[in-house]
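Notes follow the structure.
The values are calculated or read from the model by the stated rules, or taken from the named source; none is laboratory data. All values derive from a computational prediction rather than experimental measurement. Counting neighbours? That spans all protein chains shown, and the Cβs are built from the backbone with ideal geometry, glycine included.
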């Protein structure tokens, strides 16, 4: 039995080493190059690009606007999300699961779909076009809230549904009113999840790219979109690199602050699983539920519903004209048809999934299997989470700056797109796989070994059945994330490798009813593909639990 262990250990080390090299080449190297480009000139330290960010009034406005829209969007998501968390996690009503699925849909949809939905709603010919909100801060904030509303509802609701209600009941018994009980008892109990979700929402809003690019138009810029424009339009790589450094510093500071706040809140919060179940509706709770259902209908249902309707709307009524046009170039100005772009997206997403899932599983196994709990493995686990804190736009810029010389001149290779998508998706695979693999009972492995099974046989018989669900779920999320990836792809896409999110953005930027209709139909196709993946995930997870 033991003679096979050295070979298995060697395989693990080679696998982990391969994953480390891949991650270093396609993430750490490009990001380091961006940072170096921003602070070094001919090998000498030069901070002038960073000081330019503060001395240039235009760049200062962009930086301030980035903080403004992220802060207002976060505040709106938290203010609307906390009541939603109460209504959808504590109250018993028919259709609760369907409502939770609906409000979660925008978060898992590609940003270009959510942006297209708000263009359909707020645009010139949209139902709310008369308000002239398209291109305004209000439109951006509404879309950001729609996209991130589910983060607050699900995060806060998960903790709220498990807090011990005895303290609140005792407070009411002693004569405290609802408001006093809320601020003195309930709020401190759910504060950790509020802080955590608010930080996550702020990060998503601060690094938002697709929504800003689509809804803000050419007159509105954030740090993220300015990095793109400075690179692709002005060819000012030093300014783009300096903006990337600023963004990395802000994101890093928010993450560190969130970790510190989370530790403090976790020590101060007291909660335990509640066995009281969901609350039955009375008049007061029914009113609260109705109000929150209206929020979901207006914030989520209206934009997506209008998007669906506009995809069938023509100048002469309703029909499938725009869907039929997806197979033709017509006057779109695209190098490839939207249907070919969809085919490209599916192909790239499949390749990215085949990269991200093995990569994520190698790292997850290394940090969970007892024999693999080395310091290097723990460092690898932390490092692989870095793409969650670095924008995809910065990653795309890094690819342009680094992968331009042999033997890694990949700028013209279609492989670069799925590689970028895999780097973005791998952290999600790791986060999904680690807790599942860690839950495997070590006694099962020991029993199989005592019965004479080889280590490889133990892994196939004990570990593989356990992580099969992690493989399926991780693959589904990796595919969905890759299918809608927009930020990094916008830098490295070529005319013959156009993806559907890129095609939608370009169609929205061209005049004419046909282009707008094709954009709406393409967005619905992308929404349908993503929803189908989520349904398959739900079915697989239900099957694995049965």
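Quick check on residue 68: is it under 19 Å from the mean Cα position of the chain (by Cα) and surrounded by fewer than 21 Cβ atoms within 10 Å (Cβ to Cβ)? Against the criterion (under 19 Å from the mean Cα position of the chain (by Cα) and surrounded by fewer than 21 Cβ atoms within 10 Å (Cβ to Cβ)), residue 68 does not qualify. Would it be correct to say that residue 487 is crowded, with 21+ Cβ neighbours inside 10 Å and modelled with pLDDT under 85? Taking the combined requirement at face value, the residue satisfies it.
With respect to (1) in a helix (DSSP H, G or I); (2) modelled with pLDDT of 85 or more, the lone exception for residue 102 is condition (2).
Conditions (1) modelled with pLDDT of 75 or more; (2) out of contact with any strand residue (DSSP E or B) (no Cβ under 6 Å at 6 or more places or on another chain); (3) more than 26 Å from residue 104 (Cα to Cα), marked per residue:
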position: 163; (1), (2), (3): no, yes, no
position: 171; (1), (2), (3): no, yes, yes
position: 190; (1), (2), (3): yes, yes, no
position: 195; (1), (2), (3): yes, yes, no
position: 216; (1), (2), (3): yes, yes, no
position: 244; (1), (2), (3): yes, yes, yes
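Restricting attention to the stretch 199-223, which residues are surrounded by fewer than 24 Cβ atoms within 10 Å (Cβ to Cβ) and assigned to a helix (DSSP H, G or I)? The answer is 199, 200, 202, 203, 204, 206, 216.
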